[in-house]
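Participant: Have a look at the structure that comes next, please.
What follows is calculated from the coordinates using simple rules that are stated; it is not laboratory data. Source: prediction; values computed, not measured. Because the Cβ atoms are built from the backbone with ideal geometry, glycine has one as well, and the counts that use them run over all protein chains shown.
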Amino acid sequence: MAHPQRKPADSDAAGDRADKTCASCGRRIQWRAKWANNWDAVKYCSATCRGHGVTATDLRLEETIATLLRARATDATICPSEAAKAVGAEEWRELMEPARRAARRMVARGELEITQGGVVVDPSTAKGPIRLRRPR
């Protein structure tokens, strides 16, 4: 049986809800009716992200991405695996998703862009291989 749809009150009209990105994974947070009373306090898109948070490794990956891009030509790109290899050495494969998460958080702050085939893509929906570059 389907749940009845809640009709939004005037106070939670779509125009009143600012776009948000998850503090942990960097993906766009979809507004939910259960958050209507505390939308301003919502920081994470899920319980998993809330539990994970942002670790010291995540911050190191962000710093490494920025350092790698600064060492390249202005229009150059890098693969998230380069940052994962620099931080994780032999265990770099375990850091691939954290590296992508770090990149999405940096996109949300306007520090870089994520591309596929040379075209900027939405980091919340990008699937497959990605490249990272400075904003143009």
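Participant: Kirkwood Rh and Cα-based Rg: tell me the resulting Rg over Rh for the chain, rounded to two decimals.
Facilitator: 1.05
Participant: Still on this model: Counting Lys and Arg as +1 and Asp and Glu as -1, what is the net charge of the other residues whose Cβ lies under 10 Å from the Cβ of ALA23?
Facilitator: Neighbour charge sum, excluding ALA23 itself: +4.
Participant: Now a separate question. Can you tell me which of 112-118, 35-41, 77-83 comes out highest on packing, and rank the rest after it, using the mean Cβ neighbours within 10 Å?
Facilitator: Highest mean packing first, the order is 77-83, 112-118, 35-41.
Participant: Sorted by average packing, counted as other Cβ atoms within 10 angstrom per residue and highest first, what order do 92-100, 65-73 take?
Facilitator: With the highest mean Cβ count within 10 Å placed first, the list reads 92-100, 65-73.
Participant: In a shell of Cβ-Cβ distance under 12 Å around THR74, excluding THR74 itself, what net charge do Lys and Arg (+1) and Asp and Glu (-1) give?
Facilitator: +4
Participant: Let me ask something additional. TRP92: net charge of surrounding residues, Cβ under 11 Å, Lys/Arg +1, Asp/Glu -1, itself excluded?
Facilitator: Net local charge, TRP92 excluded: -2.
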